[in-house]
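**Q** What follows is a structure written as structure tokens; I'll ask about it next.
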């Protein structure tokens with residue numbers, strides 16, 4: 001139930017101090033009002049929504065105007081939802097509903113992106129707004145210092161060089177811009193996004209070193225070091241912030257560089273689920289792996305979104321979409337894919353598949369299979385074989401991955 005006095009408006013630069021207080025309270029972090037938060041690198045105030053109780057800001061949420069790479073190498077605008085939080089004492093009173101509803105209306109009437117993405121702080125919250133979980137996953141790998149590669153690994157002849165931040169930045173930006181257009185789930189970055197991504201004050205280090213930078217002619221790695229010591233001697237853990245490689249040789253060379261650095265400890269990285277690093281190892285069992293959910297995805301305009309991306313096989317099915325939050329998506333759509341390109345039109349023909357919009361969001365980038373969602377009751381088949389055909393069309397050659405928080 002939403003309290004009557006609550007009202008919503010776009011924030012301005014005058015609202016920065018109360019915005020900081022709301023986010024610090026929501027995420028139980030220490031507040032230093034003398035220093036800007038890194039989120040301020042990227043906020044677009046006209047797309048930042050606040051909920052007020054009288055004159056008091058009690059809830060916030062923002063949209064960032066970004067680009068995302070979709071299956072088939074299509075680069076499309078995306079609404080990146082972030083900085084959503086409710087002040088302590090106001091949880092459970094409809095404030096977050098107001099924030100998210102305001103964000104969705106703002107996208108619809110403003111920039112009009114066909115899809116939105118977010119990182120969910122709590123897994124049970126955003127599904128009720130039609131956001132699909134597990135649109136991308138992250139794989140956390142921990143590799144022991146000095147782990148050997150199998151004999152067939154080619155690390156090339158090019159040296160990996162440790163460089164200063166100033167020397168690294170232009171190379172990082174140029175390399176990332178080339179690579180991100182070939183990797184499904186990667187986002188475009190403007191200067192603000194780079195500032196956010198590489199923020200390096202003490203409060204962002206979690207007891208680790210400043211960011212360190214190493215360059216290869218076809219890639220780079222950014223990492224931190226956390227030194228330690230135990231009964232076996234020094235244990236220097238290297239925490240990878242980002243590893244980007246244009247070639248398999250560069251990928252192997254950058255990992256080899258990290259594995260040979262320091263004394264003892266591990267190389268730890270949140271990476272793509274299909275990162276081949278485990279298969280580089282002479283003993284793959286030494287890699288400890290954990291899989292985590294990453295991007296959640298919301299189809300804001302089902303027809304436009306489905307037509308943006310490319311597909312792995314032809315298909316012709318009628319999909320009944322269930323969407324209680326964005327009613328313009330609800331109803332039957334004929335999805336026809338020919339040579340990888342889709343046409344999506346309203347239809348009165350009989351349905352082959354019924355899916356809630358969140359299930360389509362989960363499968364949209366090609367990672368989660370619609371056939372698996374059908375087994376979980378998120379998708380229903382009315383025509384035998386329709387789910388399997390649609391599921392196969394959605395899959396990509398590589399698993400989607402988003403290498404950054406926002």
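The values are calculated or read from the model by the stated rules, or taken from the named source; none is laboratory data. Quick caveat: nothing in here was measured; it's all calculated off a predicted structure. We place every Cβ from the backbone using ideal geometry, glycine too, and count neighbours over all the protein chains shown.
**Q** Could we say that residue 265 is crowded, with 20+ Cβ neighbours inside 10 Å, within 29 Å of residue 42 (Cα to Cα) and either within 26 Å of the chain's Cα centre (by Cα) or outside the structural domain of residue 29 (by TED's automatic domain parsing) (or both) here?
**A** No.
**Q** Checking residue 89 against (1) in the same structural domain as residue 41 (by TED's automatic domain parsing); (2) not in a loop (DSSP other than H, G, I, E, B): exactly one of these is not met. Which one?
**A** (2)
**Q** For residue 59, indicate whether it is touching a helix residue (DSSP H, G or I) at 6+ places or on another chain (Cβ under 6 Å) and either assigned to a strand (DSSP E or B) or under 23 Å from residue 128 (Cα atoms) (or both).
**A** yes
**Q** While we're on this one: Could you list, in sequence order, all residues of the range 25-56 that are surrounded by fewer than 17 Cβ atoms within 10 Å (Cβ to Cβ) and in a loop (DSSP other than H, G, I, E, B)?
**A** Within the range 25-56, 28, 29, 30, 31, 32, 33, 34, 35, 36, 44, 54, 55 meet the criteria.
**Q** Check 100, 63 and return the single one that is modelled with pLDDT under 95, under 25 Å from the mean Cα position of the chain (by Cα) and crowded, with 16+ Cβ neighbours inside 10 Å.
**A** Testing whether each residue is modelled with pLDDT under 95, under 25 Å from the mean Cα position of the chain (by Cα) and crowded, with 16+ Cβ neighbours inside 10 Å leaves just 100.
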